[in-house]
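The values are calculated or read from the model by the stated rules, or taken from the named source; none is laboratory data. Because the structure is a prediction, the values reported are computed rather than measured. Note that each Cβ is placed from the backbone with ideal geometry, even for glycine, and that neighbours are counted across all protein chains shown.
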Amino acid sequence: MRIACIGGGPAGLYFSISMKLRDPSCEVVVLERNKPDDTFGWGVVLSDETLENLEKNDPKSAATIRANFAYWDDIALHFKGQRLVSSGHGFCGIGRKKLLMLLQQRAQDLGVDLRYETEVDSAEAYRSDYDVVVANDGLNSKARMLYQDTFEPKIDQRLCQFVWLGTHQTFKDAFTFIFEETEHGWVWVHAYQFDQDTATFIVECTQKTFDAWGFGEMTQQESIAVCEDIFKDYLDGHSLMTNANHIRGSAWIRFPRVLCEKWSHENVVLLGDAAATAHFSIGSGTKLALESAVELANLICEKPSLKEAFATYEEVRRLEVLRLQSAARNSLEWFEQVERYLELDPIQLNYSMLTRSQRISHENLRERDPKWLESAERWFMDQAGMPSDAPVRAPMFTPFKLRDMKLKNRIVVSPMAQYKAKDGTPDDWHLIHYGERAKGGAGLVYTEMTCVSADGRISPGCPGLYTVEHEAGWRRLTDFVHKETDAKICCQIGHSGRKGSTNLGWEGIDLPLASNNWDVKSASPIPWSNENATPSEISQSEMQDVKAEFVAAAEMANRAGFDMIELHAAHGYLISSFISPVSNARTDEFGGSLENRMRWPLEVFEAMRKSWPSHKPMSVRISANDWVGDDGITPREAVEISKMFANAGADLIDVSAGQTTSDAKPVYGRMFQTPFSDLIRNEAGLCTMAVGNIYEADHANSILMAGRADLIAVGRPHLATANWTLHEAAKIGDRAATDWAKPYEAGRDQVWRLADRAAEMGGTS
């Protein structure tokens, strides 16, 4: 077999080694336009897991690589005159040039034909002469572009500018991050040692700061001189160096995020950065390249045809690539938005940075450096006003106050429709359902959307607040919660709008009733879907009537004993239909601009707030993203919406997303809506509640400790387990809970014993 590798980076070299190990008779040629020692970048970071994989594939080269590693265990953050250090992270680094030289030597020893200073015009020129053409020609792959109709590359040029430098200031004691505020904005550094006397020194900043400094117009040496001056306090007299002299201009670039729909075209296959990239802030690009090289070599040798080998290669490696790209995206977006977090306390900023990719969780930090995490948790407790002698507990168990309402912890039972009311009246089902969850350890329990009128219900099974029977039913429930638990209870108040007159959830959610329908209204006569009735456009006189219904419901909620109320202004219901342009096509003063679309929702909120006792808090739920791009509400607009509600008296923004149009294309995942809460909290400076696929204590604690939300709403897990909060406390080793009901303490003790046993055995209870 004859194989041509286009590109002499780590991916191509290691693939050629792997092929020669499996089939010494195969002919492998590596074609590289640069000299053997030309390279962009300085150090490469690898994990112990990757090293183990390399040793399995080729013990000889793995041994030489390991012998040249620099090891460190700490991460240090320099910020506002403080140096914060956490340990237990276990990094190892090697110079990129050294790695290339080691791989070059190993490849030569195995008989690989290395051809440097060889310009490759086109992969097409090699396809007929070689059985396989491996295109590992980097970020700007010519092969990828040549066959772009097949590969369908998606290239996303990210927002920050960076330059990859080196220095003899080794930063040998820690992987170091430095944030410096300059006259033109914030500039930061990623620095780490990779040999005895050299460290990588990546300088990064936003495009705005880049332009203000004029880095793009500078020569490499001019921009290096500026960077030396900015970071002189950390360089200890050492200079900064470039190894990009072969590159014209300043050598600053924006990172291109690359992902291809397909990785092969006939006998051409993509490898390394040509196929997919991972941002340098998580240090996984070389890992991906080396491990993909091994897999590709294996499959070429094992499968009966190239077609099958390439198909399996793509299938096997794509999942790992997507997993790492997801983590890398989280990390790079954190740095792109880091100026949002620079008002945080250094302790919280450090935590936020450590957990930015979501690969490191709260409990994972405890395993790495329990002392540091305990100090961070104590700081969080101090901010919540807890006594200094109180036992240290995770952030989710710190109290929180909204107006005069004091919550024992940060966990909230999400509003979740039950469809069990009779003519709008809550009954025994609701008493037991909400009562059990109030006993389950959460600080605050939300009702499902409680409707302001009969024709404002979503379904015949939805509860209301518009008759004396409703008020009495809810009063029975709130009395139980207040008598038997120390939880608080919030009534979410809403009107279904165009999403009303539909089936019970399990009979076909959002589908219209087969009979006994009622008329529905919305901001505009736009049906929810082709199967739903077209709503009437609500008139201004009807708007006044409905506003009065919201006020009456708020007054009834107070008499019913609720501690808090929320206006449901999300998910496509009546209030939401005014806010979103996907459902509001009005031409009067309530349509058009965001200010106009917000006019009536704000009127309703203000009227409710005025009628609601001043000492009790009131929140609003919004959809922070319609998931239809610029055609709907965007996260940026959500910040402005939140500010408007806050100015009207909202104490908390309950940050949900979507469900405003059937055309939405949401991007799901763990904590997938938390970024919207993060944006609103840290850019608008408002109290927020995060919601959306949060199902572990780890999630809740990471969000809170990083300052991404103030409260955590947990939905489906509370449907499965009423005692979710208490059970999660047991899992993470918390034994300070005092909110187990007395009759349940024997069960508590067993849960604790089982959790301790599971922890000792390294499993879960």
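Summary table below
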item: Number of positions in segment 179-211 that are part of a loop (DSSP other than H, G, I, E, B), modelled with pLDDT of 95 or more and either closer than 21 Å to residue 244 by Cα or under 23 Å from the mean Cα position of the chain (by Cα) (or both); result: 1
item: Some residue of segment 65-73 being hydroxyl-bearing (Ser, Thr, Tyr), under 31 Å from the mean Cα position of the chain (by Cα) and surrounded by fewer than 15 Cβ atoms within 10 Å (Cβ to Cβ); result: yes
item: Tabulated pairs, segment 539-561, first on the phi > 0 side of the Ramachandran plot, second in a helix (DSSP H, G or I) and charged (D, E, K, R), C-beta under 6 angstrom, 6+ apart or interchain; result: 561/475
item: Residue among 250, 223, 239 that is over 31 Å from the mean Cα position of the chain (by Cα), under 21 Å from residue 332 (Cβ atoms) and touching a residue at least 60 places away in the same chain (Cβ under 8 Å); result: 250
item: Number of positions in segment 52-64 that are of a type in the set (A, V, I, L, M, F, W, C) and either outside the structural domain of residue 294 (by TED's automatic domain parsing) or surrounded by 17 or more Cβ atoms within 10 Å (Cβ to Cβ) (or both); result: 2
item: Residue list for segment 329-355, restricted to those being out of contact with any strand residue (DSSP E or B) (no Cβ under 8 Å at 6 or more places or on another chain), closer than 26 Å to residue 257 by Cβ and either of a type outside the set (Phe, Trp, Tyr) or surrounded by fewer than 16 Cβ atoms within 10 Å (Cβ to Cβ) (or both); result: 330, 331, 333, 337, 340, 352, 355
item: Close pairs from segment 562-583: first in the same structural domain as residue 547 (by TED's automatic domain parsing), partner among the acidic types (Asp, Glu) and crowded, with 24+ Cβ neighbours inside 10 Å, Cβ under 7 Å, at least 6 apart; result: 566/654; 580/626; 582/626
item: Test result for residue 676, aromatic (Phe, Trp, Tyr) and at pLDDT 95 or above; result: yes
item: Breaking point among (1) out of contact with any strand residue (DSSP E or B) (no Cβ under 7 Å at 6 or more places or on another chain); (2) among the acidic types (Asp, Glu); (3) more than 28 Å from residue 358 (Cβ to Cβ), for residue 640; result: (3)
item: Any hit, segment 44-64, residues being closer than 24 Å to residue 116 by Cα, among the hydroxyl-bearing types (Ser, Thr, Tyr) and out of contact with any strand residue (DSSP E or B) (no Cβ under 6 Å at 6 or more places or on another chain); result: yes
item: Filtered residues of segment 116-125 (kept if in contact (Cβ under 8 Å) with a residue 40 or more places away in the chain and loosely packed, with under 14 Cβ neighbours inside 10 Å); result: 117, 119
item: So residue 390, is it of a type in the set (Gly, Ala, Ser), surrounded by fewer than 16 Cβ atoms within 10 Å (Cβ to Cβ) and over 28 Å from residue 745 (Cβ atoms); result: no
item: Qualifying residues in segment 618-639 (those that are surrounded by fewer than 24 Cβ atoms within 10 Å (Cβ to Cβ) and among the hydrophobic types (A, V, I, L, M, F, W, C)) - the one farthest from residue 685 (Cα to Cα); result: 628
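The rows are residues; the columns are (1) without any contact (Cβ under 8 Å) to a residue 12 or more places away in the chain; (2) surrounded by fewer than 23 Cβ atoms within 10 Å (Cβ to Cβ); (3) under 15 Å from the mean Cα position of the chain (by Cα).
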site	(1), (2), (3)
654	no, no, no
659	no, yes, no
668	no, yes, yes
674	no, no, yes
680	no, no, yes
687	no, yes, no
